Amino acid sequence: MIKILTEGGREHGFGHIIRCLTLANYCLENDLEYQFYVDGDESAHKIIKQHNGTLVDWKRDCFIKENINHEDTVFVDSYYLTLEHYEIIRKRAEKLLIVDDLYRLPYDGYTIVNPNFCADLLLSDDSKNIYLYGEKYILLRNEFVGKKNNVLNKEVKRVLITFGGSDILDLTPRVITYLRNLSSEITIEVVIGFGYTNLAKIKRVSNVRVNLHYNISANEMAKLMYEVDFGICAAGQTVNEMLKIGCPGCFIKVIDNQQLNIDYFNKSNRGLIFYEDDLSNIKEMFKFEVRNSLKQELNKIKNDSSGAHELYKYIEVGKSGK
């Protein structure tokens, strides 16, 4: 059985949950037996309940010992689990894959998955572990696979704003106001997540050209990315979706673990960045030549498969001994 362990919620965000949903959905679609456990709050439960997810503190030793056995392949996506706990899981499971964006622990003899465009920035000569990393392993939800944004208008018409499941820096009202001051003609598509606590502020600065989308499905989010001129987003899991679809974006770091994505944009021509105290790069996105340059680079990115399939192939090859 495949067992997926992760965490998330209003305080720490939903990025881990969203990419683990990709694994859960892959199992569901391919009739693979799986269990999906999330350590989180009620806002996380609203997301996982439709995907056979269970809300539980799975980091307890007793839970691991009672629920992990030698027939299990275990995926763990956590910023907080200790090396001691990983060792307990490894000894009990048939196979363990650790999803880790930052290689935050001194792993030895593990399989580490870094499903991000920025993964190359962390590569080293470490031969102690197996690394599955980069574009090939990006855990992209099915709704985003195979789509490409081909919008390239001379004048900006529609802009997407999304800061994840919770707008922890209270950016949405400020960005709406900034955009409205730049142009009164654009339509602004605002995605409101389960963890937003600033809805009243958002409504106060909105008008008839601001569309609020509440807790939308993956299909609806993919459709917005596919149709807008550009997006304004947090530099988390949304980065992978935006780049795969080919939607030009202006990104901001809202928590420290997004710094590598910011570094990636500083080294590539695949997105602009802005800051909490400086929104000016958003204005650059209104320039046709800027969006055209980004589009040329984004068009080089393939979007024909999900990393979930690649991970499953790795598991099956290991079982067959090939």
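The values are calculated or read from the model by the stated rules, or taken from the named source; none is laboratory data. Computed from a predicted structure; not experimentally measured. As a convention, Cβ positions derive from the backbone with ideal geometry for all residues, glycine included, and neighbour counts pool all protein chains shown.
For this structure, a couple of remarks:
- Which listed residue, of R209, R291, is crowded, with 17+ Cβ neighbours inside 10 Å, among the basic types (K, R) and at pLDDT 95 or above: R291
- Pairs linking a residue in region 15-31 that is within 17 Å of G193 (Cβ to Cβ) to a residue that is assigned to a helix (DSSP H, G or I), with Cβ atoms under 7 Å and 6 or more positions apart or on different chains, are G15/Q237; I17/A44; I17/I47; I17/I48; I18/Q237; R19/Q237; L21/H51.
- Test result for V228, in contact with a Ser or Thr (Cβ under 9 Å, 6 or more places away or on another chain), at pLDDT 95 or above and within 26 Å of C20 (Cα to Cα): no
- Apart from one condition, H85 fits all of (1) within 30 Å of N299 (Cα to Cα); (2) assigned to a helix (DSSP H, G or I); the exception is (1).
- In region 26-61, the residues that are modelled with pLDDT of 85 or more, touching a strand residue (DSSP E or B) at 6+ places or on another chain (Cβ under 7 Å) and either surrounded by 13 or more Cβ atoms within 10 Å (Cβ to Cβ) or hydrophobic (A, V, I, L, M, F, W, C) (or both): C27, L32, Y34, Q35, F36, Y37, V38, D39, W58, K59
- Which listed residue is touching a Phe, Trp or Tyr at 6+ places or on another chain (Cβ under 8 Å), of a type outside the set (G, A, S) and without any contact (Cβ under 8 Å) to a residue 60 or more places away in the chain, from I192, I186: I192
- The set of residues in region 221-252 that are under 16 Å from the mean Cα position of the chain (by Cα) and of a type in the set (K, R) contains only K244.
- Among the residues of region 2-25, just one is on the phi > 0 side of the Ramachandran plot and out of contact with any strand residue (DSSP E or B) (no Cβ under 6 Å at 6 or more places or on another chain), namely G13.
- L152 meets the stated requirement of being hydrophobic (A, V, I, L, M, F, W, C), closer than 21 Å to L298 by Cβ and either touching a His at 6+ places or on another chain (Cβ under 7 Å) or at pLDDT 90 or above (or both).
- Evaluation of R90 against the conditions (1) surrounded by fewer than 13 Cβ atoms within 10 Å (Cβ to Cβ); (2) assigned to a helix (DSSP H, G or I); (3) touching a Phe, Trp or Tyr at 6+ places or on another chain (Cβ under 9 Å) shows that the sole unmet condition is (1).
Yes/no per residue for (1) touching a residue at least 24 places away in the same chain (Cβ under 8 Å); (2) farther than 24 Å from G236 by Cβ:
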position	(1), (2)
C62	no, yes
D72	yes, yes
Y80	yes, no
R90	no, yes
I112	no, no
D120	no, no
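- A single entry from K283, K319 fulfils the requirement of being at pLDDT below 95 and assigned to a helix (DSSP H, G or I): K319.
- In this structure, R270 does not qualify as of a type in the set (D, E, K, R), at pLDDT 95 or above and loosely packed, with under 14 Cβ neighbours inside 10 Å.
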